[in-house]
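Student: The structure under discussion is supplied below as C-alpha cells; questions concerning it will follow.
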Number of protein chains: 2
Amino acid sequence: MSLDNSWFTEPVEQTGTAFSLKLGERVHAEQTPYQKIEIFKTETFGYLMTIDGCTMVSTRDNFLYHEMMSHPALNSHPAPHDVVVVGGGDCGTLREVLKHPEVKRAVQVEIDERVTRLAEQYFPELCVANGDPRATLFFGDGIAWMKQAPAESLDLIIIDSTDPVGPAEGLFGRKFYLDCIKALRPGGLLVQQSESPLLHLSLIAEMHRFMREAGFAQTRLLHFPQPIYPSGWWSASVAQKTAGELAQRLDEAALAALGTKFYNAETHRAAFATPNFVKQALAG
Amino acid sequence: MSLDNSWFTEPVEQTGTAFSLKLGERVHAEQTPYQKIEIFKTETFGYLMTIDGCTMVSTRDNFLYHEMMSHPALNSHPAPHDVVVVGGGDCGTLREVLKHPEVKRAVQVEIDERVTRLAEQYFPELCVANGDPRATLFFGDGIAWMKQAPAESLDLIIIDSTDPVGPAEGLFGRKFYLDCIKALRPGGLLVQQSESPLLHLSLIAEMHRFMREAGFAQTRLLHFPQPIYPSGWWSASVAQKTAGELAQRLDEAALAALGTKFYNAETHRAAFATPNFVKQALAG
C-alpha cells in the first residue's frame, strides 16, 4: 500500500528503506542559509524536526541518541574537563554532557543558529541546560573552530552532525581528524555519530581507517537503537588519542545521578559489544 | 513526501510508524486458510515475506532475529536436549537450533504449511537444516500441540510467532503458559518474541506478569536490532521454570562453531542489558 501526506516519510533511495511517522500537522518550515528545517507534530512521537527531509530529532526517542552520544564517552574518560560538541544544535547532547559535574567547560559549535532557536521553541526540554555557566553556545563552522582550537585544550570532542553528505561531509575527513588530534589532550577521546551498522558498514570501516591514518591510536564502535534513523539501529565511533583500555569512571551512584532513561552500567557495556559481522568489517 | 507502490510499506496505525522497502516486484501472493502471504523482491534487502501486510522475514536482516531468538536461550540452558519451535515456519530459527550438537530433537510446530513451502522456495538458505534427522516439521496448532505435550518432556520452548493479534493471540495467554510450564523439565526455559521495547512496553510488562502468574519462577528481557520490524528494535522474553542464574554453557570454541553473524559472547551479554526505562516498567 502507499502512504499519503498524512505521514512524514524519509525515503533513502541509496539504502532502499524508508521510515514514516503519522502526522498531526507541519507546524514550521524555513529555508536557512544552510538547509531546510521543518517541524512536524506527529501522532505518537511528539514533535519531529527534519533537515533537508531527513529525520533529526523526535520528542519520543531522542533520549536514546543523546544519551549514547555522550555518556559512554564521558564515562570512558578519567577526567573530562573540557568538552566540545560539534553540531548538536538541538542542545540535547549538551544537556547530557552538563549532567557530569567533572565537566568544567562545554562548547556547542553549531553552524546553523536556527536549529537551536527552533529547538528552544519545540524541544524546550532539550535546552534546559543552555543557561549553565559552564556552557557556551557558539554559532559557526565546526571545521574552522577546530582548526583554531589551542593545542591540547580539549578532553572530549563529540561530533553530533548530520549525514556525511553536504555541509557535514568535512567532519568525516582526515584533515578534520588531524585538527581534532592536535586539539585533544593526551588521553583525549573523540566520539562521532557513524550511521547504521547494517546499512553503512563500509562507511564505518572507512571512518575508522581515516581516524587511524590521521593518527588516532585506537578506534571502537558503539551501537544503540534509534528508531527514527534508517534501520532503527545506529552507531557512534570512538577514537582514542592514546592507546589503552578505556576508563569506567562512574560508580553506581554517579550513574544513577545522571537520571538517564536508557544509559546505565549494563547498557554501557552492551553498546561496546561488537557483532561478528562488524568485527570482520572493521578488521579489514 | 508520499510513497507510491514502488515501495512495500507496513503502516502501523497503533504506533503511528511505518517502515518501507523499495521494491523490485511482488513475486508471489496467496490467501491461505490462515492468512495472506506475499513475497516481494526488494532492491536492497533481498526477498521479503509479509503476512497480512506485516513484514515477517527478509533475506538481508533475518540473521539478527533468528540468531537472537535461539542462541541466547540455548546458551542459557545447561543441557538443551529437547526443543520445540512454535511458529517459525520460515525455518530460520530451527536452523539455528540445530547448530547445537546438544540438541537431540527439535520440533517445529507451524500452523500454516504454506509459510514453510514458500520459505523453501524463496529463502532456501533458512531451510538447509530441514532434513536433519533430529528435526520434525509438524504442521498444526501450537496451542493444541502444547496441551498434548507429555509432562516434563521439553528443555526449551521457542515461541516464534506473529504479533499477539489474530491467530497468535492465544500464544500470549496464561492458559498457554500453564501448558508450557507443565511440558518443561525442571530448569526448562521458554523464550518468546515480545515486540518493541520502545513501542510495546506495556505489552511486554503484561506478558511478564502473565508468565509469572502462570507459575514461571523468573522472567527476563533480551533485546536486539531488527530493522524490518516496527521501530527497528525488537525483544524476546525469557521465562524460567526454575529460579536462579542462567547458565552460560558455550565456551569460545563452541560459540565460534555456530558461524553466527551477530551472536557472540559479547552480544549475548549485551542482549540482556536492561535500559532504565525498561527496568522501571518491568518492576511494576
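The values are calculated or read from the model by the stated rules, or taken from the named source; none is laboratory data. No experiment lies behind these values; they were computed from the predicted model shown. For neighbour counting, all protein chains shown are included, and Cβ atoms are generated from backbone atoms with ideal geometry for every residue, glycine included.
Student: Is there a residue being in contact with a strand residue (DSSP E or B) (Cβ under 6 Å, 6 or more places away or on another chain), within 12 Å of chain A (Cβ to nearest Cβ), outside any helix (DSSP H, G or I) and crowded, with 24+ Cβ neighbours inside 10 Å anywhere in the stretch B:21-35?
Tutor: There is at least one residue in the stretch B:21-35 that is in contact with a strand residue (DSSP E or B) (Cβ under 6 Å, 6 or more places away or on another chain), within 12 Å of chain A (Cβ to nearest Cβ), outside any helix (DSSP H, G or I) and crowded, with 24+ Cβ neighbours inside 10 Å.
Student: Residue check, B:Leu198 against (1) surrounded by fewer than 23 Cβ atoms within 10 Å (Cβ to Cβ); (2) in a loop (DSSP other than H, G, I, E, B), all met but one. Which one?
Tutor: (1)
Student: Taking the stretch B:6-43 on its own, how many of its residues are among the polar types (S, T, N, Q) and touching a residue at least 60 places away in the same chain (Cβ under 8 Å)? Lay out the reasoning, then the answer.
Tutor: Filtering the stretch B:6-43 for residues among the polar types (S, T, N, Q) gives B:6, B:9, B:14-15, B:17, B:20, B:31-32, B:35, B:42.
Among the residues that remain, those that are also touching a residue at least 60 places away in the same chain (Cβ under 8 Å) are: B:15, B:17, B:32, B:35.
Matching residues across the stretch B:6-43 total 4.
Student: Starting from the stretch A:44-64, take each residue that is more than 11 Å from chain B (Cβ to nearest Cβ) and within 17 Å of A:Val12 (Cα to Cα) and list its partners that are buried (at least 18 other Cβ atoms within 10 Å of the Cβ) and among the aromatic types (Phe, Trp, Tyr), counting only C-beta distances under 6 angstrom and pairs at least six apart or across chains.
Tutor: From the stretch A:44-64, no pairs qualify.
Student: Among A:Ala273, A:Ala236, A:Ala283, A:Ala257, which is the only one that is hydrophobic (A, V, I, L, M, F, W, C) and at pLDDT below 95?
Tutor: A:Ala283
Student: Given the residues B:Thr32, B:Thr9, B:Thr17, B:Thr59, which is the only one that is in contact with a helix residue (DSSP H, G or I) (Cβ under 9 Å, 6 or more places away or on another chain), among the polar types (S, T, N, Q) and modelled with pLDDT under 95?
Tutor: B:Thr17
Student: Kindly establish whether A:Leu126 is touching a residue at least 40 places away in the same chain (Cβ under 8 Å) and of a type in the set (A, V, I, L, M, F, W, C).
Tutor: The answer is yes for A:Leu126.
Student: Among (1) on the phi > 0 side of the Ramachandran plot; (2) within 14 Å of chain A (Cβ to nearest Cβ), where does B:Ala18 come up short?
Tutor: Result: B:Ala18 passes all but (1).
Student: Now for a different question. Just one of B:Leu154, B:Leu137, B:Leu171, B:Leu190 is in contact with a Leu (Cβ under 6 Å, 6 or more places away or on another chain), assigned by TED's automatic domain parsing to the domain that holds B:Arg249 and closer than 15 Å to B:Val86 by Cα; which is it?
Tutor: Answer to the selection: B:Leu154.
Student: Name the one entry in A:Ala236, A:Ala254 that is in a helix (DSSP H, G or I) and more than 9 Å from every other protein chain (Cβ to nearest Cβ).
Tutor: The conditions single out A:Ala254.
Student: Also, I was wondering about something else. Hey, can you tell me all the residues within the stretch A:216-228 that are within 30 Å of B:Gly16 (Cα to Cα) and either in the same structural domain as A:Ser20 (by TED's automatic domain parsing) or out of contact with any helix residue (DSSP H, G or I) (no Cβ under 8 Å at 6 or more places or on another chain) (or both)?
Tutor: From the stretch A:216-228, those within 30 Å of B:Gly16 (Cα to Cα) are A:222-228; that's our starting set.
Across the stretch A:216-228, the qualifying residue is only A:Ile228.
Student: Of these, A:Ser20, A:Ser70, which one is in the same structural domain as A:Ser231 (by TED's automatic domain parsing) and either touching a His at 6+ places or on another chain (Cβ under 7 Å) or small (Gly, Ala, Ser) (or both)?
Tutor: A:Ser70
Student: So, restricting to helices (runs of 4 or more DSSP H) that lie completely within the stretch A:63-171, which ones have at least 2 residues that are surrounded by fewer than 24 Cβ atoms within 10 Å (Cβ to Cβ)?
Tutor: Result: A:113-122, A:142-148.
Student: Taking B:Pro275, is it surrounded by 15 or more Cβ atoms within 10 Å (Cβ to Cβ) and touching a Phe, Trp or Tyr at 6+ places or on another chain (Cβ under 6 Å)?
Tutor: Criteria met by B:Pro275.
Student: Could you check the stretch A:7-20 and list, in sequence order, the residues that are in contact with a Lys or Arg (Cβ under 8 Å, 6 or more places away or on another chain), assigned to a loop (DSSP other than H, G, I, E, B) and crowded, with 18+ Cβ neighbours inside 10 Å?
Tutor: Within the stretch A:7-20, A:Gly16 is the sole residue that qualifies.
Student: When you look at A:Gln280, is it over 15 Å from B:Ala270 (Cα atoms) and within 14 Å of another protein chain (Cβ to nearest Cβ), yes or no?
Tutor: yes
Student: Name the residue that is nearest to B:Thr242 (Cα to Cα), counting only residues in the stretch B:63-109 that are under 12 Å from the mean Cα position of the chain (by Cα) and among the small types (Gly, Ala, Ser).
Tutor: Residue satisfying both the conditions and the ranking: B:Ala73.
Student: From the list A:Leu3, A:Leu74, pick out the single residue that is in contact (Cβ under 8 Å) with a residue 12 or more places away in the chain and either of a type in the set (S, T, N, Q) or within 11 Å of chain B (Cβ to nearest Cβ) (or both).
Tutor: A:Leu3
Student: Does the stretch A:32-90 hold any residues that are more than 26 Å from A:Gly170 (Cα to Cα) and in contact with a Pro (Cβ under 7 Å, 6 or more places away or on another chain), and which are they?
Tutor: A:Asp61
For every residue, the table says whether it meets (1) within 14 Å of another protein chain (Cβ to nearest Cβ); (2) touching a residue at least 12 places away in the same chain (Cβ under 8 Å); (3) assigned to a helix (DSSP H, G or I); (4) over 30 Å from B:Thr59 (Cβ atoms).
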| site | (1), (2), (3), (4) |
| --- | --- |
| B:Gly188 | no, yes, no, yes |
| B:Val191 | no, yes, no, no |
| B:His208 | no, yes, yes, yes |
| B:Met211 | no, yes, yes, yes |
| B:Gly259 | yes, yes, no, no |
| B:Arg269 | yes, no, yes, no |
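Student: Follow-up question, since we're still on this one. Would you point out the residue of the stretch B:204-219, among those that are crowded, with 18+ Cβ neighbours inside 10 Å and in contact with a Ser or Thr (Cβ under 7 Å, 6 or more places away or on another chain), that is farthest from B:Asp155 (Cα to Cα)?
Tutor: Applying the filter and picking the extreme gives B:Ile204.
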